[in-house]
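These notes concern the structure reproduced below.
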Amino acid sequence: MHADRFLADHLLIAVPAMDDPNFARSVTLLCQHDESGAMGLMLNRESDFTFGDLFGQMGIQTPDLALSERVVLLGGPVQPERGFVLHDDGASAYASTMRVRDGLFVTTSRDILEAIARGEGPKRCQVALGYAGWGAGQLEEELGENTWLTVPASDAILFDTGLEDRWQAAARQLGVDLSTFAVYAGHA
């Protein structure tokens with residue numbers, strides 16, 4: 001796959017025929033994709049935790065009750081105990097940050113959670129536990145098998161669209177209505 005064909009900063013939209021329970025009806029932001037593989041965060045699955053649960057486990061205090069009640073996402077099946085903060089600004093302020101694109105970052109260090117709890121964090125963020133990962137060539141193989149639709153990521157889907165609407169909303173960016181999409185996959 002040529003460098004311009006890598007899909008970092010794209011959404012993977014599971015086709016209705018996806019039978020892997022980890023990814024059925026999922027939308028995954030590809031944070032990194034190159035010849036060695038891919039890493040992404042699912043954006044439409046709730047975990048069993050809230051921000052308040054996460055802060056409590058880490059000994060972080062917050063006076064913001066609404067923030068404490070926000071749901072933490074299930075980012076994927078790999079390392080479900082590891083936290084990832086997808087956010088829109090302030091990358092230079094945190095210890096361990098990966099740039100997805102200008103204005104979109106993933107941070108894994110505690111300092112961003114402390115800033116969020118104090119009300120000093122990024123304007124928009126999603127917190128996820130775990131991630132989705134693919135080895136070298138694995139994602140390309142799945143794309144060749146028509147298991148995923150892809151579309152460039154949009155901040156509206158990442159931060160503004162409700163979790164339950166993200167799968168359909170992402171597909172609509174391609175002009176696809178998943179409720180009428182064929183529920184089988186295969187090769188001609």
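Nothing in this text is a laboratory measurement; each read-out follows from the coordinates by a stated rule. Computed from a predicted model, the values in this text were never measured in an experiment. Reconstructed Cβ throughout: ideal geometry from the backbone, glycine too, with neighbour counts over all protein chains shown.
One table, with the values for the structure above:
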| quantity | calculated |
| --- | --- |
| FRET efficiency for ASP48 and ALA156, using Cβ-Cβ distance with R0 set to 45 Å, rounded to 0.05 | 0.95 |
| VAL72 long-range amide H proximity, modeled H, under 5 Å | SER47, PHE49, THR50, PHE51 |
| HN-Hα J in Hz across the stretch 50-63 - Karplus 6.51, -1.76, 1.60, θ = phi - 60°, x for Gly and Pro | 10, 4, x, 4, 5, 4, x, 5, 9, x, 9, 9, 9, x |
| Potential lengthening between ARG25 and ARG118 on full extension [0.36 nm per residue; Cα-Cα distance subtracted] | 30.0 nm |
| Candidate values (i) 56, 22, 11; (ii) 42, 22, 14; (iii) 29, 18, 15, label of the one derived for semi-axes √(5λ) of the Cα gyration tensor in Å | (iii) |
| In sequence order, calculated HN-Hα J values of the stretch 161-166 (Karplus, 6.51, -1.76, 1.60; Hz; x Gly/Pro) | 7, x, 3, 5, 9, 5 |
| Unit charges at the beta carbon, dipole of the chain: most positive-side option, ALA95, GLY75, LEU178 | ALA95 |
| C-alpha center-to-center spacing [the stretch 10-79, the stretch 93-172] in angstrom | 8 |
| Most fluctuating residue given options VAL85, VAL15, VAL176, as computed from a GNM of the chain linking Cα atoms under 10 Å | VAL176 |
| Relative contact order, percent, the stretch 3-180 [alpha-carbon distance under 8 Å, six or more residues apart] | 27 |
| TYR94, TYR131 arranged by Cβ crowding within 10 Å, fewest neighbours leading | TYR94, TYR131 |
| Net +/- balance of residues flanking LEU163 in space, Cβ distance below 12 Å, scoring K and R +1, D and E -1 | 0 |
| Furthest towards positive pole of dipole, ASN146, PRO16, THR107, structure part the stretch 3-180, Cβ charges | THR107 |
| Per-residue HN-Hα couplings for the stretch 104-111 [Karplus 6.51, -1.76, 1.60; θ = phi - 60°; Hz; x = Gly/Pro] | 9, 9, 10, 10, 10, 8, 4, 4 |
| Dipole magnitude of the stretch 3-180 about its Cα centre (Cβ charges: Lys, Arg +1; Asp, Glu -1), debye to nearest 20 | 300 |
| The chain: most fluctuating residue of LEU65, LEU113, LEU139 per GNM, C-alpha cutoff 10 Å | LEU65 |
